[in-house]
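Derivation of every value follows stated rules applied to the coordinates shown; laboratory data play no part. Note that the structure is a prediction, hence the values are computed from the model and not measured. In this analysis, Cβ positions are derived from the backbone assuming ideal geometry, glycine residues included, and neighbour counts consider all displayed protein chains.
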Amino acid sequence: MRSPGHEMAFLDQLISLFIQHGYFAVFAVLLISGLGVPIPEDLSLVAGGIIAGLGHADVRVMCAVGLAGVLVGDSFVFLVGRTFGVRALRVRWVAHVLTPRRHAQVKAKFSRYGNRLMFVARFLPGLRTAVFLTAGMSHRVSFLRFIALDGLAALVSVPFWIWLGYLGAEHREWVLAQLHRGQGVLGALLVVLVAFVMAWAWRRGRERLRRLHAHRERRAERTRS
């Protein structure tokens, strides 16, 4: 658990770095965070929103840069797993992120939830990198499907954190307080979105079954005639 004093000090460091080096620094920090380095992604995005709120950046451009940073980092991790497979575990960085215990946990979750886990992983900071590595190693997921699921999740989380920082740029204590509440809000949004997708998939499945039955009935009628 990050202490409030540590969070505030780290947030100030990120803000100073981003003001000095602009969008490139935001992109680089998010990219590094995606590789499993313990830099909180949510706090980094909030810092990007704060500098936009202070007039050092455009909030819309910041959202685009934020999306690019997280998706490039996630894609790199996925492609490392896909390209090298289990050989990637020989690399110290990968072995540190994907410990045998964590690897077993992620594989069990994949067996239970399938590709849906890649969408949910964006909201699981402790397992995100491990999930994307394992997804690449499995060769069960195409890169296009991976980027679609991860991108959909990022479209929810990235603008949310950036706009939180933008709106509270002059009130950082309030921002940090909302940061933890926002994690609960994102969780609720995730539940609603998953429920919506499941309902859509169920309705689509029913429609396909209805069409299939209608097609079979027409074939049966033609056969009898």
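Data table
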read-out: Cα-based shape type of the chain, given that a ≥ b ≥ c are square roots of the gyration tensor eigenvalues and the cut on a/c is 1.5; value: prolate
read-out: Among 35-44, 85-94, the order from most to least packed when residues are scored by Cβ within 10 Å on average; value: 35-44, 85-94
read-out: The chain: relative contact order as a whole-number percent, Cα under 8 Å and 6+ apart; value: 25 percent
read-out: 3J(HN,Hα) from dihedral phi, region 107-122, Karplus parametrisation 6.51/-1.76/1.60, rounded to Hz, x for glycine, proline; value: 4, 5, 5, 5, 5, 7, 10, x, 5, 4, 4, 5, 6, 5, 4, 4
read-out: In sequence order, calculated HN-Hα J values of region 53-65 (Karplus, 6.51, -1.76, 1.60; Hz; x Gly/Pro); value: x, 8, x, 8, 7, 8, 5, 6, 5, 4, 4, 5, 5
read-out: Difference of contour (0.36 nm per residue) and Cα-Cα distance, residue 223 to residue 84; value: 44.6 nm
